[in-house]
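Single-structure report; data block below.
The values are calculated or read from the model by the stated rules, or taken from the named source; none is laboratory data. Remember, predicted model here, so these are calculated numbers, not experimental data. Here Cβ is always computed from backbone atoms with ideal geometry, including for glycine, and neighbour counts include all displayed protein chains. Heads up: the accessible areas ignore ligands, DNA and RNA and are worked out on the full protein's heavy atoms, side chains in. Shrake-Rupley method; radii C 1.70, N 1.55, O 1.52, S 1.80 Å.
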Amino acid sequence: MIRPDLLNDDRLVGGVTTRAFAPPEEPLDATRARLGAEVGMAVASVGHVHEARVAVVTEAGHVPAHDGLVTAETGLLLTVVAADCGLVVLADPKAGVTGACHSGWRGTVAGIVGETVGAMRRLGAEPVRMRAYLGPCISAEAFEVGEEVAARFPEAAVVRRPEWPRPHVDLKAEVARQLAEAGVGQVEVNAGCTVAGNARFYSYRVEAGAAGRILGFVGQRA
């Protein structure tokens, strides 16, 4: 697992899993249960429908038809999954509020990052105090898209090179920009690419239906 310093202190635990921690043959529920046991927390999980719906949770369990979770409860580990898409975990330690979201290209365009920050604010968090971590995801070099997808992103997130027949999207840069736009005080971006680093991370683009899933997780200790 990767546990960034930004989200790990006496009160918080957060980060992402790697292929070594979450083998593809293991059901996601079993992986989540092992993760919860390792950090000593109950686990809340969410689906990934590539939209911008965020649920407030107060207890363990699975929330389908959403891409984000927020909570003000201690001892509750929020988990989200992806294999190329962005995984964002956030915390405001002073307010005791945590959040996590799956930010694929559709969810990013729809504003899942801002919705997650907004949901945390409604629980008493302040963006300036928030710490955010964006885990490994597909890089601009690997994320070739069609013109119809590129047109949905700001120009600054679209990368064109003479040697590339089609545009590419810098998903990491756009998620980081949205976090900054939402006022998040501290942001850490993992440099890893799920495509180039497929030996360590899962990539749907490389492995298609055979890919496992990376789990992003964050929680506040009781």
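Quick look at the numbers
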quantity	calculated
Alpha carbon convex hull of the range 55-141, volume per residue in cubic angstrom	97 Å³
Expected-Rg normalisation [2.2 N^0.38 Å, Cα atoms] applied to the range 49-100	1.12
Overall Cα dimensions of the range 105-222, principal axis frame, Å, largest first	48, 31, 21
Quotient of C-alpha Rg and 2.2 N^0.38 Å, computed over the range 1-64	1.21
Relative contact order of the range 10-86, pairs being alpha-carbon contacts under 8 Å that are 6 or more residues apart, as %	27 percent
Mean separation of Cα contacts under 8 Å (6+ apart) over length of the range 134-222, as relative contact order %	31 percent
Range in the chain, longest, excluding exposed GluC sites (Glu not before Pro) [loop by DSSP; at most 12 other beta-carbon atoms within 10 Å]	60-162
Positive minus negative residues near D9 (Lys, Arg vs Asp, Glu; Cβ under 15 Å)	+2
Qualifying trypsin sites (Lys or Arg not before Pro) for the range 61-170 [loop in DSSP, other Cβ within 10 Å: at most 13]	K94, R160
Helix 112-122 vs. the chain, principal-axis angle (Cα, 0 to 90°, nearest 10)	20 degrees
Net charge of neighbours whose Cβ lies under 9 Å from the Cβ of A83, counting Lys and Arg as +1 and Asp and Glu as -1	0
Distance-filtered residues of the range 94-136 - backbone nitrogen under 11 Å, label point 7 angstrom along E181 Cα→Cβ	108-115
List D84, D10, D170, ordered by accessible area with a 1.4 Å probe, largest first	D10, D170, D84
C-alpha center-to-center spacing [the range 173-194, the range 100-133] in angstrom	11 Å
Rounded to 5, the percent of DSSP beta bridges in the chain classed as antiparallel	65 percent
Estimated [θ] at 222 nm from DSSP helical runs (n ≥ 4, -39500 (n - 2.57)) normalised by residues in the chain, nearest 500	-6000 deg cm²/dmol
Cα long-axis angle, helix 171-181 against the chain (0 to 90 degrees, to the nearest 10)	50 degrees
Inter-label distance for A33 and R106, nm, one decimal - labels placed 7 Å from Cα along Cα-to-Cβ	3.0 nm
Rg to Rh, two decimals, where the chain supplies the alpha carbon set and Rh follows Kirkwood	0.95
